[in-house]
Structure formats: structure tokens, C-alpha cells
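Chemist: Once you've had a glance at the structure underneath, I'll fire off some questions.
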Amino acid sequence: MKSARPSAFWSRPARPGAEPIPARAPGGLRSDAEMKVFCGTANPPLGEEVAAELGFPLGRVTIRRFEDGEIYTRFEESVRGADAFVIQPTCPPVNENLMELLVMVDALRRASAGRITAVMPYYGYARQDKKHAPREPITGRLVADLLQSAGVHRVLALDLDADQIEGFFAIPVDHLRALPLFAEYLAAKELSRAVVVAPDDGAVKVAYRLAERLRLPLAVVFQRRPSPDIKRAVQVVGDVEDRVPILIDRIISTAGTVCSALDALRQHGARSEAYVCATHAILADGAVAALSRDDIQEVAVTNSVPTPAQKRLAKMRILSAAPLLARAMRNIHLNESVSSLFT
Ligand code: R5P
């Protein structure tokens, strides 16, 4: 016998004379669900900027620590049925910020949020996206599993350390690129003698795209990693002689990759007036001193993670990713194309 069950888009009045219950969008979210944006403690200024771009305030949430360091969180407004976004880059302190995100998501799920999107402008633990040796973890996958177990329905990320991390999720991942921000920033410079450089092979794709946009030649510095935190340049491919190098990478952590690439470029005759662009300014201890070298003119990064005053160099330019994130969040909420933001 045919089932009399209504379809997913069926709606009926709650009681005579009442407004019909709005149809549900695919995924269980009501089509009239309110968009609510919350921010963890990892990068509040970015959260405020995103909210300003969206034109409404951040949702109210209390986040604090118990005496023993455990995380307490409480949403101070109803999220029932809401299209909830949590902005939280999992930058250092990585474990704290990741756990805080998981705890917030758990609270949202238990409070019946209709859909939960983790907005992760920086996705920590991504550097271990495969095993290099036996008995190692794949932490990029582990974090994906944790997020999904906690109740995340979607992820919005910016320049993941490796594209394959998207495949670690069984839920939709929208992967934004900061490349347009860097292209716009660089377009205002005198670039007639410039060359775009991938400071290691992992950055070739992004460097190629930037070179295409700026109509500049491309060079690649190949490096090897004698130990997990050290890189050494072994070969420069491409003509860099008497050219201004524009290095682009996703992350500056110790700045070792950038500095060893610059040394190699100098040895191949590049000009000592480089631009360095990187989406995520992690800036581990020693990185700021390393970037102070005279052959770098400017260092451009985004605000995906906070850059405290003591880590800011006069030659640092911080480009805001907030407009891009806000547009993507609005498009996700309205069920509109996110990839259209790249064209
Ligand atoms: C990812 O973007 C790349 O592997 C980077 O080249 C690397 O994470 C940069 O790290 P560091 O600044 O410590 O050399």
C-alpha cells in the first residue's frame, strides 16, 4: 500500500487560522530559519567585522573556564531552528580553540539549532594530512571526525593547508581562497620586474594562480624537510635574476620556509626587495625576527588569525578576510552559490 506520509516539503497549518508551518529546506532547516552568528574567543575582532559586514550583531554567548580549565559555554538567546554560524579559527592555542568550538557546537546541537556551520578561517592540525612514516596520526581527519561528531552540518574554511582536507568530511565544505585579496593588494604595486614565487612545492598552485592574475612569470623553490619543523631550499626553477620576488604561501609559522626560499632566490640573483604574502600569520616564536630581514619590503597577511601588537612589524599589511567570509556566509544562508564569489 502506498504510504500516506507527507513529502519533505509538505506543510500544514498548526491550528485552524494559524500561519502555515514554513516548508523545510533540504537538510531539515526551515526555509525561514533565522541566521545567527556567534563567535568564539579565538578571534573576536574578526567576528565583529563579519557581523558588521552582515549588518546585524553577533549572537550572545557566554564562554568561560572552570577553575580546572574546562570550558563552559551557554548561548544567551534561543537558537531553536536557527541557521547558526560559529566563527572560530583553530589557531594557537590550537587545543583550546578547537575544544571551545566543539563545546559550542555541542551546546547549539542540544539547543536544537536547525543547522550549524563551523566558520574556520584557519583550520588547525591540518599539517598532518597524511602519514609520512608508520605509526603516525592523520590529525586533519581526526579533527574532521570530531567536528562531525559534535554536530557540525557544514564547514566554511579559508585556504586549508591541503585541498584534500575537504575530502575528510562527509558534510559540505566551502573552501574560500584569499588569493583575490592578495591580487588586489599587489595590483597597486610597481610590478614590471616582478616574479611570483612558490616558496615550496605545496604553494605551486596558489602561486601559479596569482602569476596568472597578475600576468607575471612564475618560479618555484623546491625544499626538503630534514625534520618536521625545518626546511632547506634545494633548487630554484624559473628565471628570478634581477626580479622582485613575490612569495605566496598559505601559512607563515616559523617563517623558515620563506627565509630559506629568499636565501636561495638571492643566490640566483633576485632583487633584495621581496614581497611576502601568506593567508595565515601564525607567527611562531622567532618568526617576526626572521621576517624583519632587510630584503623583505612588505609582508601581507590576512586577519584569519589574530596578530597581537607585539607581532606586528611596520612593514606588515593585514588584509581583512571579513567581507569575503560574510558574503560566503550570507550565500550559504540564502542557498546561493559560494563558488560564484571567486569569479
Ligand atoms: C603550508 O602552507 C606550507 O607547508 C608552509 O610552507 C609552512 O606551513 C610554513 O611553515 P614555516 O613558516 O614554519 O616554514
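Chemist: Using the heavy atoms of the protein chains alone and a 1.4 angstrom probe, what is the accessible area of the stretch 289-343 per residue in square angstrom?
Modeler: Values: 2550 Å² over 55 residues.
For the stretch 289-343, the solvent-accessible area averages 46 Å² per residue.
Chemist: If you add up the charges near Ala178, with Lys and Arg at +1 and Asp and Glu at -1, over every other residue whose beta carbon is less than 9 angstrom from its beta carbon, what do you get?
Modeler: On the way: positive: Arg177, Arg250; negative: Asp159.
Every neighbour counted, the sum reads +1.
Chemist: Compute the accessible area per residue over the stretch 33-108, keeping the other protein chains in place, probe 1.4 Å, unit Å².
Modeler: 45
Chemist: Over the chain, what is the relative contact order in whole percent, taking alpha-carbon pairs under 8 Å and six or more residues apart? It would help to have the intermediate numbers written out before the result.
Modeler: Values: 672 pairs, mean separation 41.1, N = 343.
Once normalised by length, the contact order is 12 percent.
Chemist: Still on this structure, I have one more. Mind listing the long-range amide H neighbours of Val305? Cut-off is under 5 Å, sequence gap 5 or more, other chains count too, H placed in the peptide plane at 1.01 Å from N.
Modeler: Hits under the 5 Å cutoff: Ala281.
Chemist: Anything over 29 Å Cα to Cα? Flag those among Lys231/Lys311; Lys36/Lys189; Lys231/Lys315, in the order listed.
Modeler: Working: Lys231/Lys311 22 Å; Lys36/Lys189 39 Å; Lys231/Lys315 24 Å.
Among Lys231/Lys311; Lys36/Lys189; Lys231/Lys315, the Cα-Cα distance tops 29 Å for Lys36/Lys189.
Chemist: Taking a quarter of the surface of the convex hull around the Cα atoms of the stretch 179-319, what do you get in nm²? Kindly include the intermediate steps, with their values, before the conclusion.
Modeler: Numbers: hull surface 30.1 nm².
For the Cα atoms of the stretch 179-319, the hull's average projected area reads 7.5 nm².
Chemist: How much of the pair distance distribution for the stretch 33-170 lies past 20 Å, counting alpha-carbon pairs only, in percent? Numbers along the way, then the final one.
Modeler: Numbers: 4218 of 9453 pairs.
Cα-Cα pairs in the stretch 33-170 separated by more than 20 Å: 45 percent.
Chemist: Local charge sum around Ala52 (other residues, Cβ-Cβ under 14 Å, Lys/Arg +1, Asp/Glu -1)?
Modeler: Details: positive: Arg327, Arg330; negative: Glu48, Glu49, Glu53.
Its environment carries a net charge of -1.
Chemist: With the crude spin-label approximation of a point 7 Å out along Cα→Cβ, what separation in nm comes out for Glu48 versus Ser340?
Modeler: That separation, rounded to one decimal, is 3.2 nm.
Chemist: May I pose another question? What is the angle, in °, between the Cα long axis of helix 94-110 and the longest principal axis of the Cα atoms in the chain? Nearest 10 is fine, range 0 to 90.
Modeler: 20
Chemist: Protein chains only, probe 1.4 Å: how do Tyr125, Tyr208 rank by accessible area, largest first?
Modeler: Numbers: Tyr125 85, Tyr208 115 Å².
Largest accessible area first, the list is Tyr208, Tyr125.
Chemist: Could you bin all the Cα-Cα distances of the stretch 198-278 into 5 Å bins starting at 0 and give me the percent of pairs in each, rounded to whole numbers?
Modeler: All Cα pairs, binned at 5 Å, distribute as 3, 17, 30, 28, 16, 5, 1, 0 percent.
Chemist: Something else about it: Can you give me the % of accessible surface on the chain that is carbon or sulfur? Probe 1.4 Å, all protein chains present, nothing else counted. Provide the component values of the computation, followed by the final result.
Modeler: On the way: 8500 of 16950 Å².
The value for the chain is 50 percent carbon and sulfur by accessible area.
Chemist: Ok, one more. Which semi-axes, in whole Å and largest first, does the equivalent ellipsoid of the stretch 258-327 have when worked out from the alpha carbon gyration tensor as the square roots of 5 times its eigenvalues? Please list the in-between numbers first.
Modeler: Details: eigenvalues 118, 39, 19 Å².
After diagonalising the Cα gyration tensor, the semi-axes are 24, 14, 10 Å.
Chemist: Using alpha-carbon positions, what is the distance between the centroids of the stretch 58-121 and the stretch 172-202, in Å?
Modeler: Each part reduced to its Cα centre gives a spacing of 32 Å.
Chemist: Within the set of other residues whose C-beta is less than 13 Å from the C-beta of Met104, count the net charge using Lys and Arg as +1 and Asp and Glu as -1.
Modeler: Details: positive: Lys36, Arg60, Arg64, Arg74, Arg109, Arg110; negative: Glu76, Glu96, Glu100, Asp106.
That sum, taken over residues with Cβ under 13 Å, equals +2.
Chemist: Let me ask something additional. Per residue, what volume in Å³ does the convex hull of the Cα atoms of the chain enclose? Before the final figure, lay out each step's value.
Modeler: Numbers: hull volume 63.9 nm³, N = 343.
Output value, Cα hull per residue: 186 Å³.
Chemist: For the chain, what is the calculated [θ] at 222 nm in deg cm²/dmol (nearest 500), taking -39500 (n - 2.57) for each run of four or more DSSP H residues and dividing by its residue count? Kindly include the intermediate steps, with their values, before the conclusion.
Modeler: Details: 8 runs with 89 residues, N = 343.
Result for the chain: -8000 deg cm²/dmol, rounded to the nearest 500.
Chemist: Please list the non-local residues whose amide H lies under 5 Å from the amide H of Val195, H modeled 1.01 Å from N, same-chain partners needing a gap of 5 or more.
Modeler: Val244, Ile246
Chemist: Next question, about the same structure. Round to the nearest 10 and give me the degree value, 0 to 90, for the angle of helix 204-214's Cα axis relative to the longest principal axis of the chain.
Modeler: The angle comes out at about 80 degrees.
Chemist: Sequence gap at least 6, Cα distance under 8 Å: using those rules, report the relative contact order of the stretch 179-319 to the nearest whole percent. It would help to have the intermediate numbers written out before the result.
Modeler: Details: 287 pairs, mean separation 27.4, N = 141.
Rounded, it is 19 percent for the stretch 179-319.
The values are calculated or read from the model by the stated rules, or taken from the named source; none is laboratory data. Here the structure is a predicted model, which means the values were calculated and not measured. With ideal geometry, Cβ positions are generated from the backbone for all residues, glycine too; neighbour counts draw on all protein chains shown. In case anyone asks, the SASA skips ligands and DNA or RNA and just uses the protein heavy atoms, side chains included. Shrake-Rupley method; radii C 1.70, N 1.55, O 1.52, S 1.80 Å.
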